[in-house]
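> Before I ask anything, here is the structure I am working with.
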Amino acid sequence: MNYNNFIIPFCLGASLLLIIIIYKFAKWLSKLDKKQKYFVKRNFFSKKSIAAINEVFREALIHRNIYRKNPLLGYMHMSLAFGWFLLIVVGKIEASFYAGSFFEEPWLAIFFKFFAREQANFWVANFFSFTMDLLLLIVLSGLALAIIKRLKSKILGIKKATKHVIYDKIALTALWLIFPLRLLAESSTAALVQNGSFLTGGIGELFSLQFAQNVELPLYWAYSSVLFVFFVSLPFSRYMHIPSEVVLIFLRKWGAKAGEQYSGLSDFEINSCSRCGICIDACQLSFSANINNVQSVYFIRDTRYKKLNDNIANNCLMCGRCTEACPVGLELTLIRQQLRTKTEIAGKHYYDYCENKNNKNKTDIIYFAGCMTQLTPNIIIAMKNIFSAAKVKYWFMDEDKGICCGRPMRQQGFVQQSKDLISKNTKLISKSGAKLLICSCPICYKSFKEEYSLDIEIMHHSEYIKMLIDENKIKLNKSELNIVFHDPCELGRGLNIYKPPRQVLSKIGKIIDTEFSEKDSLCCGGSLANTVIELETQLEIRNKALEILTKSKPDILATACPLCKKSFTHAYKGKVMDIAEIVSKFLYLQNNSKKQEIKEKEIFSILK
Amino acid sequence: MKNKSVIIIGAGVAGIEAANNIAENGYNVTLIEKENLLGGNLKNYAKLFPDFYEAGEVKNNLINKLNSENINVYNNNEITELFFENNKWQAVNSQNQKFLADAALLTTGFTVFDAKRKEELGYGIYDNVITSLEFENMYKTGKITTKQGNIPERIAFLNCVGSRDEKVGNHYCSRVCCINAVKQASEFKEIYPDSQAYCFYMDMRMAGQFYEELYRKSQEKHNVIYIRGRISEAAATLDNKIQIKSEDTLSGLPLKMTVDLLVLMVGIEASIGTNQLASQNEINGEYGFAKSKGLYGNDNITNKKGLFLAGTCKRPLTIPETIADAKAAANQIIKYLNQI
Ligand code: SF4
Ligand code: SF4
Ligand code: SF4
């Protein structure tokens, strides 16, 4: 048998690793909620599993997403992960080939050079030897990049590198040592028995026979021992992301979705974070307000080590920029929402009056402004104007205010009240017979879409206006105005509505591009989700965003969310307008020359 | 000595007062005003707090003294650039015409906060939401009515619009609007004793001589009701009244009421001229106001030799304070001109 005592640390470490991972996975899987379990069972034996394997290959090994975001960083991850993976696979084949059986000793592949001393020198062996050396070289190059990244992260295009915990440091040190030790150990064998290729053989030539003899065994012991250290620290360090992400990819492909409650899926998510730190650079709290300890990477890390405090959980704008940037696709804001402390006050039921809000007339279309829009009455006036220009009959559901979509309450943890409200609103809506619900506030829109089960169409007013234009129900005057459109977080990243507002605005003026738009769009700073930072800090975030957005000195800064509008108007001396307001000002009214004249004057005054 | 000269930019209270003082001492003054009429913001007021003195009289007294032969007044002249070159202070107007002098005095004053920036208050959207300046104007014409021409049965004044408001970036107190609200509420009640007047405030800042007395009188004699709380939103009802939402922070209860007229006590902001000319000369301070060299004895001089400041281009001030400050500035300028 191919045996030497130095394999003991490796075997012990590998077994422990396996046991711990199985234990952890079993625990998390049992914590999946009912719906998630159902999907796992239903899709386990389906094509979805094959798709998952494909994705594991692309994301966990090749790291395609990181590569797309940052090629050099992507290469680093790929060379380490995929390179190591191939080392194992090719090593295994090489060992089986050598042993003439698939069931050779499991450690043979790991310490192959040591045991395969009298290997015949024919082309297959040479080929393997060459391939293994090449792979080792690739891994080592990735390692070199990793070391540079630690020392000087700017070279790799990362502004802020993640601060690590002690397990990470142990695992990292072990990881850094594994491959150089392997290289030296194999080189010493190659020096003695000439079984190396260009790399190990080349280095082996530098060793004297005497030296090689002296260091060979100690080097294999060291190599085996760092493997042990790496394996046992792995489940407690960030490297746990390697096995976790694999399962996560399967769970996602099977259709498991994160809900409002923290679940086993969330466990897989937080363990799949590689602490790459990409989310830090995406966060405005970092680059606008110099707050560098609350970003998703730290939030997730603290959650994992059960050290999360409210200060970190609540210090977030919930803008979703990190979610968009995360190469693992973690649902970062959702997890944060799951873990935020909810109020414990039971509260009363205040919504009896909803029943009295009677809409006697049947209607096809409902307009819902929302509480935020009530604070920007110009948007409501504009919408009324547009409805009348398009000769559309509608029911203004919250005209006398008081109706809420229920989302703020839900986020505070008043789940029951929110449900009551939702069911009352649902009744009101279905009684009206409406087929279309138009919202001015993206937050309400999202709430109607995700928390209600309405079987009518829901639109944001920007989509609706787009439709009115397409159907020729309204016509717009074209002008020379330069317009910058700011994508609101909830409308853009939240609901994926990027095109309709731009299509509408391009009918009125020229849309000027900005540095951050669509998926990359900034938070206006008006977010109500951060309950930790001072208003001053929030204003700093707003001012930076404003500075970037208005660099081109546009005639109008356009947006499509009452909250964004409010937060920008307070600081910007130029024009800030909601898309509805702009459209209303540029409505082309036929058969009424007098009104038309006034319109032209108004347009002139905007231009001024 | 007699040939030495000074340019004064802005013919409001501070500018006119300083011009008169300097001219009396035999120096040449070039007084430049961007508007057609002289008097600056004083023109916008009917009566002054706390003694209901006629604003027009104050203004006329100031302007009447201007006919000294040492003073040249240029109205309709907007200065866009001010700099020191070839040993002279040079002011350039929008037509590129230059004015030269040995010293320059900035009296570019303030403008009021644009209430449209607080959309939730409905100014510029609903007819019957007006600013304190529009109230003054109505008072001047003797007709305080709603847009529809009715006598307001209920009127509300809202303090601190655009002042002490982090969100609009103005942390400071404008100092004059509290007492102005007391004055306007009293004036309103003098005309319409049967109507009701409310005033929403954060604190009532009555720190001037006779302010407290006026405040007390407005409650005892006129029954003006003071409610501690900001108005969070205003909306028009079908009959053009204004429905306001607030919180009575003393009782801790939310509050909703309907009034016929809502008056926004708009705060003081640095004028565009102040902002522009101060930054050109690197004497721009907080919130766009101009910065003097120091508060204690150096409040009229700046870090630029020969450039002086007076009045509300530095910070919110009352009219008596502005007059005193202008006299002090004149004194400093005369000293300076004597030396060079
Ligand atoms: S949350 Fe995503 S982006 Fe942030 S460190 Fe983890 S893996 Fe990277
Ligand atoms: S959601 Fe926005 S504010 Fe919160 S951590 Fe992510 S990027 Fe930062
Ligand atoms: S004087 Fe009164 S109303 Fe004016 S800003 Fe100060 S506290 Fe507010």
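The values are calculated or read from the model by the stated rules, or taken from the named source; none is laboratory data. As the structure is a computational prediction, the values presented were derived from the model and not from experiment. Counting neighbours? That spans all protein chains shown, and the Cβs are built from the backbone with ideal geometry, glycine included. Just the protein is used for accessible areas: all its heavy atoms, side chains included, with ligands, DNA and RNA removed. Shrake-Rupley method; radii C 1.70, N 1.55, O 1.52, S 1.80 Å.
> Once phi is turned into θ = phi - 60°, what whole-Hz ³J(HN,Hα) does the Karplus curve with 6.51, -1.76 and 1.60 give for every residue of region B:119-132, x standing for Gly and Pro?
4, 4, 8, x, 6, x, 10, 9, 3, 9, 9, 10, 9, 4
> Take the alpha-carbon centre of region A:100-143, take the same for region A:1-45, and report the distance between them in whole Å.
Centre-to-centre (Cα) distance: 27 Å.
> Right, another one. Determine the principal axes of the Cα atoms in region A:12-243, then give the extent along each, sorted from largest to smallest and rounded to whole angstroms.
64, 46, 31
> Can you classify region B:115-267 as rounded, prolate or oblate using the Cα gyration tensor, where a ≥ b ≥ c are the square roots of its eigenvalues, rounded means a/c under 1.5, and otherwise it's prolate if a/b beats b/c and oblate if not? Walk me through the numbers before you get to the answer.
Details: a/c = 1.33, a/b = 1.03, b/c = 1.29.
Rounded.
> State, as an integer percentage, the relative contact order of region B:115-267 based on alpha-carbon contacts under 8 Å between residues 6 or more apart. Intermediate values should be presented prior to the final figure.
Values: 297 pairs, mean separation 50.3, N = 153.
With pairs under 8 Å counted, the relative contact order is 33 percent.
> Also, quick follow-up: Of A:Gly91, B:Gly285, B:Thr302, which is farthest along the charge dipole of the protein assembly as shown in the positive direction, counting Lys and Arg as +1 and Asp and Glu as -1 at C-beta?
The residue sitting most towards the positive pole is A:Gly91.
> Quick one: 3J(HN,Hα) in Hz for region A:29-43, Karplus 6.51/-1.76/1.60 with θ = phi - 60°, rounded, Gly and Pro as x.
4, 5, 8, 4, 7, 4, 5, 4, 4, 4, 5, 4, 5, 5, 9
> Compute the projected area of the convex hull of the Cα atoms of region A:277-340, averaged over all viewing directions, and report it in nm² to one decimal place.
Working: hull surface 15.0 nm².
Average of the hull's projected areas for region A:277-340 equals 3.8 nm².
> Can you compute the modelled spin-label distance between A:Lys34 and B:Asp203, with each label point 7 Å from Cα toward Cβ, in nm?
5.7
> Taking a probe of 1.4 Å, how large is the accessible area per residue of chain A, in Å²?
Working: 28300 Å² over 608 residues.
Computed with neighbouring chains in place, this is 47 Å² per residue.
> I would also like to ask the following. Compute accessible area for region B:218-243 by itself and then with all protein chains, 1.4 Å probe, and report residues whose area falls by 30 Å² or more.
At a threshold of 30 Å² (probe 1.4 Å), the residues of region B:218-243 that become less exposed are B:Glu233.
> Given axes a ≥ b ≥ c from the Cα gyration tensor, I'd like to know whether region A:360-454 is rounded (a/c under 1.5), prolate (a/b larger than b/c) or oblate. Before the final figure, lay out each step's value.
Values: a/c = 2.24, a/b = 1.42, b/c = 1.59.
Oblate is the answer for region A:360-454, as a/c is 1.5 or above yet b/c matches or exceeds a/b.
> Translational diffusion coefficient of chain A at 37 °C, 0.692 mPa s, Stokes-Einstein with Kirkwood Rh over Cα pairs, in µm²/s as a whole number. Provide the component values of the computation, followed by the final result.
Numbers: Rh = 28.0 Å.
Here the translational diffusion coefficient equals 117 µm²/s.
> Further, regarding this structure: Around A:Asp33, with a cut-off of 11 angstrom between Cβ atoms, what is the net charge of the other residues, counting Lys and Arg +1 and Asp and Glu -1? Don't jump to the answer; show the numbers that get you there.
Numbers: positive: A:Lys31, A:Lys34, A:Lys35, A:Lys37, A:Lys257; negative: A:Glu260.
So the surrounding residues net to +4.
> Any idea which of A:Ile497, B:Gly229, A:Gly13 is furthest toward the positive side of the dipole for the protein assembly as shown, if Lys and Arg beta-carbons carry +1 and Asp and Glu beta-carbons -1?
Towards the positive end, the residue furthest out is A:Gly13.
> Now, a different point. With charges set only on the Cβ (+1 for Lys and Arg, -1 for Asp and Glu), what does the dipole of chain A come to about its Cα centre, in debye to the nearest 20?
On the way: 80 positive and 53 negative charges, 388 e Å.
Value, rounded to 20: 1860 debye.
> How tilted is helix A:166-193 with respect to the longest principal axis of chain A? Cα atoms for both, answer in degrees (0 to 90, nearest 10).
The two axes meet at around 40 degrees.
> So for chain A, taking the charge dipole from beta-carbon charges (+1 Lys/Arg, -1 Asp/Glu), which of A:Ile110, A:Pro554, A:Ser197 sits furthest toward the positive end?
A:Pro554
> Once the Cα atoms of helix B:177-191 and of chain B are each reduced to a long axis, what angle between those two axes, in degrees from 0 to 90 to the nearest 10, is obtained?
Orientation of helix B:177-191: about 60 degrees from the principal axis.
> On average, how many beta carbons from a partner chain sit within 10 Å of the beta carbon of a residue in A:537-545?
Taking all residues of A:537-545 together, the mean is 1.
> Then there is this: From the P(r) of region A:531-576, can you give the percent of Cα pairs sitting at distances over 12 Å? Intermediate values should be presented prior to the final figure.
Working: 637 of 1035 pairs.
Counting every Cα pair in region A:531-576, those more than 12 Å apart make up 62 percent.
> Which percent of Cα pairs goes in each bin when the distances of chain B are cut into 10 angstrom slices starting at zero?
6, 25, 30, 21, 13, 5, 1
> Using the Cα centre as the reference, give the magnitude of the dipole from point charges on the C-beta atoms of region B:284-332 (Lys, Arg: +1; Asp, Glu: -1; all else neutral), rounded to the nearest 20 debye. Intermediate results must be reported in sequence, preceding the final value.
Values: 7 positive and 4 negative charges, 44 e Å.
Dipole of region B:284-332, to the nearest 20 debye: 220 debye.
> May I pose another question? Given 0.36 nm per residue, what is the gain on full extension from B:Ser195 to B:Asn67 after removing their alpha carbon distance, in nm?
On the way: separation 128, 0.36 × 128 = 46.08 nm, distance 4.57 nm.
Length gained between B:Ser195 and B:Asn67: 41.5 nm.
> Moving to a separate point now. Using the Kirkwood radius over C-alpha pairs as Rh, can you work out the diffusion coefficient of region A:505-591 via Stokes-Einstein at 37 °C, viscosity 0.692 mPa s, in µm² per second? Write down the numbers at each step before the final one.
On the way: Rh = 14.1 Å.
Taking Rh from Cα pairs, D becomes 233 µm²/s.
> A:Glu457 versus A:Ile166, label points 7 Å from Cα toward the beta carbon: distance in nm?
Placing both labels 7 Å along Cα→Cβ, they lie 6.1 nm apart.
> Sequence-distant or interchain residues sharing an amide H contact under 5 Å with A:Ser479, placed H: which?
Residues meeting the criterion, in which the H sits 1.01 Å from N, are A:Gly509.
> Still on this structure, I have one more. Kindly state, to the nearest 0.05, the FRET efficiency for A:Ala26 paired with A:Glu515, given R0 = 41 Å and r defined as their beta-carbon distance.
Details: r = 47 Å, r/R0 = 1.15.
The pair A:Ala26/A:Glu515 has a calculated efficiency of 0.30.
> Let me know the shape class of region A:445-579, please: from the alpha-carbon gyration tensor, a ≥ b ≥ c as square roots of the eigenvalues, rounded when a/c is under 1.5, otherwise prolate if a/b is greater than b/c, or oblate. Working shown, then result.
Values: a/c = 2.27, a/b = 1.14, b/c = 2.00.
Since a/c reaches 1.5 but b/c is at least a/b, the shape of region A:445-579 is classed as oblate.
> So, in nm, how far is label A:Asn477 from label B:Ile272 when the simple model puts each one 7 Å beyond its Cα toward the Cβ?
The modelled label-to-label distance comes out at 2.3 nm.
> What total accessible area, in Å², is buried where chains A and B meet, using a 1.4 Å probe and rounding to the nearest 100? Walk me through the intermediate numbers first.
Details: alone 29040 and 15900 Å², together 43470 Å².
For chain A against chain B, roughly 1500 Å² becomes buried.
> Sum up the charges of everything whose Cβ sits under 9 Å from the Cβ of A:Ala258, counting Lys and Arg as +1 and Asp and Glu as -1, but leave A:Ala258 out. Don't skip to the answer; put the middle values down first.
Working: positive: A:Lys257; negative: A:Glu260, A:Glu269, A:Glu331.
So the surrounding residues net to -2.
> Let me ask something additional. Let me have the relative contact order for chain B, percent, based on Cα pairs under 8 Å that are six or more residues apart.
Details: 742 pairs, mean separation 70.0, N = 340.
For chain B, the relative contact order is 21 percent.
> Given Cβ point charges of +1 (Lys, Arg) and -1 (Asp, Glu) and nothing else, what value in debye, to the nearest 20, does the dipole of chain B about its Cα centre take?
With Lys and Arg at +1 and Asp and Glu at -1, about 520 debye.
> A drop of at least 20 square angstrom in accessible area, chain alone versus all protein chains together, probe 1.4 Å. Which residues of region A:547-572 meet that?
Residues shielded by partner chains are A:Lys566, A:Thr569, A:His570.
> Could you please state how large a percent of the accessible area of the protein assembly as shown is carbon and sulfur, counting protein chains only and using a 1.4 Å probe? Please list the in-between numbers first.
Numbers: 23760 of 43470 Å².
Carbon with sulfur: 55 percent of the solvent-accessible area.
> I've got another one for you. Summing +1 for each Lys or Arg and -1 for each Asp or Glu, what net charge is found among the other residues whose Cβ lies under 10 Å from the Cβ of B:Gly122? Could the numbers behind the result be given before it?
On the way: positive: B:Lys116, B:Lys118; negative: B:Glu119, B:Glu120, B:Asp127, B:Glu233.
Value of the local net charge: -2.
> Hey, what do the phi angles of region A:103-117 turn into as Karplus ³J(HN,Hα) couplings, whole Hz, using 6.51/-1.76/1.60 and θ = phi - 60°, x for Gly and Pro?
9, 6, 4, x, 8, 4, 4, 6, 10, 4, 4, 5, 7, 8, 6
> Compute the relative contact order of region A:12-243 as a whole-number percentage, counting only Cα pairs closer than 8 Å that sit 6 or more residues apart in sequence. Don't jump to the answer; show the numbers that get you there.
Details: 223 pairs, mean separation 52.6, N = 232.
Here the relative contact order equals 23 percent.
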